[in-house]
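**Student:** Handing you this structure, nothing more for now.
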Amino acid sequence: MPARHTELPLNTASLNAVIDAMAVVTLCLTQILSQEQRERFGRDLVTMAEIAGRKGNLELTSILLDLRAAVKSRDEELHESDDDAGAA
């Protein structure tokens with residue numbers, strides 16, 4: 001195993017790990033935001049994805065939309081959890 005991130009090979013596994021790490025950081029950061037801030041963040045991700053798409057950067061578009069979907073899914077999970085706690 002490489003000792004530092006600068007020693008990682010550029011291959012499918014390492015690139016997927018970078019994307020997964022970005023998703024984890026994004027989810028962690030959005031958990032401390034208010035509902036309104038999370039919605040704004042989601043809209044901003046979509047806007048940035050649209051801009052990347054217009055510039056022909058389909059890879060970035062895909063990653064940004066995947067991050068948005070992860071944030072939205074996590075937000076829905078949090079709402080369901082809150083609803084279940086309120087019903088108990």
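The values are calculated or read from the model by the stated rules, or taken from the named source; none is laboratory data. From a predicted model like this one, the values you see are computed outputs, not experimental measurements. Every residue, glycine among them, receives a Cβ derived from its backbone with ideal geometry; neighbour counts consider all protein chains shown.
This table checks each residue for (1) at pLDDT 90 or above; (2) among the aliphatic types (A, V, I, L, M); (3) out of contact with any Leu (no Cβ under 9 Å at 6 or more places or on another chain); (4) within 11 Å of Arg68 (Cβ to Cβ).
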{"residue": "Pro2", "(1), (2), (3), (4)": "no, no, no, no"}
{"residue": "Thr26", "(1), (2), (3), (4)": "yes, no, no, yes"}
{"residue": "Leu29", "(1), (2), (3), (4)": "yes, yes, yes, no"}
{"residue": "Gln37", "(1), (2), (3), (4)": "yes, no, yes, no"}
{"residue": "Phe41", "(1), (2), (3), (4)": "yes, no, no, yes"}
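**Student:** Moving to a separate point now. Here is a list: Ala52, Ala23. Which entry is closer than 15 Å to Lys72 by Cβ, small (Gly, Ala, Ser) and surrounded by 10 or more Cβ atoms within 10 Å (Cβ to Cβ)?
**Tutor:** When all the criteria are applied, what remains is Ala23.
**Student:** Residues of region 6-29 being of a type in the set (A, V, I, L, M) and in a helix (DSSP H, G or I), which ones?
**Tutor:** Ala13, Leu15, Ala17, Val18, Ile19, Ala21, Met22, Ala23, Val24, Val25, Leu27, Leu29
**Student:** Also, I was wondering about something else. Failed condition for Met48, given (1) on the phi > 0 side of the Ramachandran plot; (2) assigned to a helix (DSSP H, G or I), with all others met?
**Tutor:** Just one mismatch for Met48, condition (1).
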